[in-house]
Every structure is written in structure tokens, then in C-alpha cells.
Amino acid sequence: MANGQRMPSFRQRSETGRWTVALVVLVGSLGVYGYEKLTRTPDTPIVGLAQVSDGDTLRVEGQHIRLLDIDAPELDQTCEDENRKTWSCGTAASGELRKYLRGRTINCQPRGFDRFHRVLGTCTLSNGSDINAWLVQQGWAVASGYAKVYETQESEARLAKRGIWQGSFMEPRQWRDLHPREEPVNPPK
């Protein structure tokens with residue numbers, strides 16, 4: 001070797017190689033563990049009192065839960081009533097959900113995770129009432145997703161002019177596209 005440097009001995013090279021292999025195995029294992037945590041569906045329901053984050057997102061037992069197959073107005077989203085008067089429909093939707101759940105234990109069945117690492121789930125009250133369906137039926141959310149599971153409840157709310165259906169509104173997904181903001185990232189525990 002140049003400049004008077006000595007070549008590492010076989011033993012030194014061997015030790016360095018072992019540490020490199022150990023580091024690669026460790027990083028790979030952590031990567032697989034992290035991937036499984038992000039993609040696997042939790043096995044057990046999440047049960048407890050809910051804190052309402054917005055019209056379709058709850059926090060139960062430290063887990064952020066995005067209610068599956070529905071989409072509620074964003075907290076700062078506005079709608080128009082039948083007289084074209086603007087009102088804070090996003091705040092109203094979360095307020096109505098908060099009143100509905102206040103002091104009641106809920107049971108959320110996880111179905112997976114969304115791109116922000118929130119649990120996707122369907123939540124019920126102890127009497128079996130579907131909270132996701134209630135929000136759509138009361139006009140505080142729209143049916144979403146490919147299957148349109150809550151399409152019947154949405155039709156009922158629209159005909160009765162409940163909640164956001166009392167006037168006009170922009171679909172929450174479309175509103176988010178026009179008002180982008182950084183979504184919270186809540187890695188699963």
C-alpha cells in the first residue's frame with residue numbers, strides 16, 4: 001500500500017466483514033418489522049372512549065382511527081345553506097360526532113391502515129349501532145370508497161336535507177385537493 005500504510009490483516013478484515021453483515025441483518029430486520037407494522041391489519045378490536053379529531057377521525061386508546069368508507073368535511077371546510085349563506089360544516093360535523101359519542105364506549109374493528117398510518121376501521125357503540133353509518137345518515141359525511149357501503153344512508157340524508165345536504169357543498173376529497181396541507185403522520189404502535 002502507498003504512503004507506508006499497512007494492509008489490514010485477515011483477522012481485521014474478517015471482523016469488519018462480520019460487523020457489516022450484522023449491521024445489514026439488523027437494518028433489514030427492522031425494515032421488515034416496520035413494513036409489517038404498517039401493512040398488517042391489527043388482530044383485536046380497539047375499545048374505549050373516543051376523542052374526536054374531526055368528522056371522520058377518532059383517537060381511541062392512543063390509536064388514530066379513520067372511519068372507513070365515509071368522508072366528512074374537513075374542520076376548516078365551509079358549506080352553503082339553502083339561502084346560500086356560508087357556514088362551518090366541518091366544525092359542525094366534528095361537533096355533532098363529539099356530542100353523539102360523549103361518554104360512550106366504542107368498539108372499532110380495524111381493517112387496515114391508510115397512507116398516513118391511521119387505523120382504518122368501522123366503529124360501533126356498545127348497542128351495536130354503526131357510527132360510520134350514523135354520520136352519513138345524519139348528513140355529516142358522505143359515502144366513500146369503491147363499494148359505497150353507506151350509499152343508502154347517504155340517499156336518506158340527501159332526501160331529508162340533513163347536515164351538509166341542507167344546501168350545497170364541495171365533496172371533502174375535492175376540497176382537500178384545492179386546500180392541500182400536510183396530513184399528520186401517526187405511526188402505529
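Remarks
- Qualifying residues in the range 137-155 (those that are part of a loop (DSSP other than H, G, I, E, B) and among the aliphatic types (A, V, I, L, M)) - the one modelled with the highest pLDDT: Ala141
- Selection within the range 97-140: residues that are at positive phi and over 19 Å from the mean Cα position of the chain (by Cα). The member of this set that is surrounded by the most Cβ atoms within 10 Å (Cβ to Cβ) is Gly139.
- Test: Trp165 is assigned to a helix (DSSP H, G or I), closer than 21 Å to Gln51 by Cβ and free of Cβ contacts under 8 Å to residues at least 40 places away in the same chain: no
- Note on the range 74-118: residues that are part of a loop (DSSP other than H, G, I, E, B) and over 15 Å from Met170 (Cβ atoms) total 11.
- Selection from the range 60-73 of residues that are farther than 17 Å from Arg115 by Cα and outside any loop (DSSP other than H, G, I, E, B): Val60
- Test: residue in the range 32-43 that is more than 30 Å from Ser168 (Cα to Cα), at pLDDT below 95, surrounded by fewer than 16 Cβ atoms within 10 Å (Cβ to Cβ) and more than 19 Å from the chain's Cα centre (by Cα): yes
The values are calculated or read from the model by the stated rules, or taken from the named source; none is laboratory data. Remember, predicted model here, so these are calculated numbers, not experimental data. Note: ideal-geometry Cβ built from the backbone for every residue, glycine included; neighbour counts use all protein chains shown.
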